[in-house]
1. Say a paramagnetic label sat at a point 7 Å from the Cα of D415, along Cα to Cβ; which residues of segment 444-471 have their backbone N under 16 Å from it?
2. Between Y395 and L328, with labels modelled 7 Å along Cα→Cβ, what's the label distance in nm to one decimal, could you check?
3. Determine the relative contact order of the chain: mean sequence separation of Cα pairs under 8 Å and six or more apart, normalised by residue count, in whole percent.
4. Largest first, how would D407, D111, D174 line up by accessible area (1.4 Å probe)?
5. With a 10 Å radius around each residue's Cβ, average the other Cβ atoms per peptide and rank 93-101, 161-169, highest first.
6. Given the protein chains as shown and a 1.4 Å probe, how many square angstrom of M200 are accessible, to the nearest 10?
7. Rank these residues by their accessible area, most exposed first, probe 1.4 Å: L188, L373.
8. Can you give me the long-range amide H partners of K66? Hydrogens built in the peptide plane at 1.01 Å from N, cutoff under 5 Å, separation of 5 or more residues or another chain.
Amino acid sequence: MTSFRVYKLNYRMKMYFKTPSIVGILYCFFLLSCAKEEIKSDLLIENGIVYNGITEDPSIVSIAIKNDKIIFIGDKNSVQINSKKTIDASGFIISPGFIDPHTHADRDLKDAETSHNKPFLFQGVTTVIVGNDGDSFYPTKTYRELYEEQGIGTNVVQLIGHHEILEKVIGNSDVDPTPEQLSKMQDLMQEEMDAGAFGMSTGLYYAPGSYTSTEEVIALAKVVAENDGIYDTHLRDESSNTIGLISAINEAIKIGRDAKLPIHISHIKCLGVDVWKQSDSIIKIIENAQKQGIQVTANQYPYDASATSLNAAVAPRWAESGGKDSLLYRIALPKLKERILKETLANINRRGGPDKLLIVKCDDNRFLGKTLLEIAALLNTSPEEAVYTVLKTGYVRVASFNMNPYDIENFMNQDWVVTGSDGNTGHPRKYGTFPRKYHKYVKEKQVLSLGEFIKKSTSKTAEIFKIPHRGVLKEDYYADIIIFDPEKFRDIANYNDAFQLSEGLIYSIINGKISVENGKFTGDLNGKVLNKKE
Ligand SMILES: [Zn+2]
């Protein structure tokens with residue numbers, strides 16, 4: 001008995017002394033679980049309506065940034081955030097920065113006066129893709145170094161222009177390359193991919209790309225495929241000029257199939273009355289190709305006018321062999337003049353007639369801002385003859401009103417069609433594409449939801465061009481973030497004044513640094529040259 005009592009007493013005493021320590025341990029666990037993780041950030045954005053670029057519905061979450069990355073996104077009450085600076089985004093939309101897959105912004109980026117890239121920056125664009133339509137600044141490495149040295153306002157992704165490769169090896173005339181020349185072009189393509197380009201672009205509508213056979217393009221695209229790159233194309237025909245729109249779509253798909261790489265159709269459209277409403281057939285063709293495993297996507301700008309040089313718009317391509325000087329030489333030859341004028345008139349009519357062609361860039365002020373019909377009256381000649389008088393004044397660009405709203409909205413609705421400006425001088429799309437799509441097609445016409453618009457201007461584009469860690473608001477991703485006012489975000493540029501910045505962007509943060517603050521450019525050049533090989 002005694003020993004039993006002693007045992008019980010010992011047991012109780014042990015339990016007595018043990019009990020508080022178990023409680024203590026549990027209490028410590030409790031305290032630890034309540035202690036919030038401390039996050040030290042450079043910038044905290046809170047209270048805004050956040051679209052993360054993936055899910056189409058928004059959420060109210062806070063975003064903390066340190067250096068160039070997002071380090072936290074979520075409920076700020078679940079952690080302890082100590083931030084050097086806080087932005088109150090109440091009532092505003094927060095989105096990943098827009099990625100523009102088709103720009104001619106390299107013309108601005110290379111110049112210290114315009115490398116801020118403000119026309120794109122104020123649309124909410126934080127990354128531009130350059131080197132489209134077969135035209136790039138060559139070589140890639142030289143321009144990468146230039147951009148890095150002088151600083152750029154947005155990130156940039158470089159593509160290799162097919163024309164540059166052609167011109168280095170066979171010039172700009174209508175000749176077939178020898179096997180040696182083709183192999184030399186493949187070597188150049190490899191060098192350019194080694195320099196960090198993300199893929200190649202063609203402009204098969206334009207000379208000298210138009211002189212290239214499909215098989216030659218496939219041979220070059222195979223080099224790009226070996227480097228995990230993309231093929232971006234301005235189709236051989238967007239209308240009924242040569243092989244026709246549908247055949248041109250099929251050609252692009254064949255290039256993707258045979259060279260085994262993703263293809264991206266730039267500024268998809270049905271250009272001119274001859275091909276209006278072909279969007280339904282094109283969508284079916286592309287969806288079929290996708291089912292066969294070929295990655296086919298496209299970009300589109302939200303305007304019914306296209307823009308290009310006057311000669312590219314209406315001159316016969318054969319007459320341009322050798323360049324624009326050769327074209328002006330040929331039109332002066334009586335034996336060729338009649339044929340050239342006849343084909344020029346057909347091209348004018350294909351685009352809807354001379355009243356649908358507006359001169360938006362021209363050194364001669366008599367012609368700037370006038371339609372080809374008005375110029376013909378001014379010169380007392382036919383529209384087709386007037387073309388060559390205007391071309392003699394230098395480089396001339398034209399806005400060509402040639403699209404049908406049915407096709408524009410039909411393409412816009414496809415989940416493989418992303419927003420792309422094709423921004424270049426003289427057309428308002430360079431200053432207005434993204435805000436216009438938001439204002440006109442999301443808010444007014446409700447062709448697509450805000451979440452869809454954002455997704456197809458951010459994460460989808462990053463996915464297509466294989467740009468890692470951008471286009472999504474996510475921890476460990478680069479902090480390319482925009483904040484805009486849903487009431488005021490809109491385009492201002494129009495055909496009469498194509499050089500007006502868009503309105504309603506409150507903040508732009510690029511690589512974690514503020515480029516636009518309270519609607520004003522900070523003057524900081526926060527962009528980076530992205531490198532496929534890094
Ligand atoms: Zn183009």
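1. 448-464
2. Those two pseudo-labels are separated by 1.4 nm.
3. Values: 1174 pairs, mean separation 102.6, N = 534.
Worked out over the chain, it gives 19 percent.
4. Values: D407 5, D111 65, D174 90 Å².
These residues rank, largest area first, as D174, D111, D407.
5. Numbers: 93-101: 28.9, 161-169: 21.8.
So the peptides 93-101, 161-169, ranked by packing, come out 93-101, 161-169.
6. The value for M200 is about 0 Å².
7. Values: L188 15, L373 85 Å².
In descending accessible area the options line up as L373, L188.
8. Distant-sequence amide H within range of K66: D42, I71.
The values are calculated or read from the model by the stated rules, or taken from the named source; none is laboratory data. The shown structure was predicted, so the numbers you read here are calculated from the model rather than taken from an experiment. Using ideal geometry, Cβ is built from the backbone for each residue, glycine included, and neighbour counts are taken over all protein chains shown. Note: accessible area is taken over every heavy atom of the protein model, side chains too, but ligands, DNA and RNA are not part of it. Shrake-Rupley method; radii C 1.70, N 1.55, O 1.52, S 1.80 Å.
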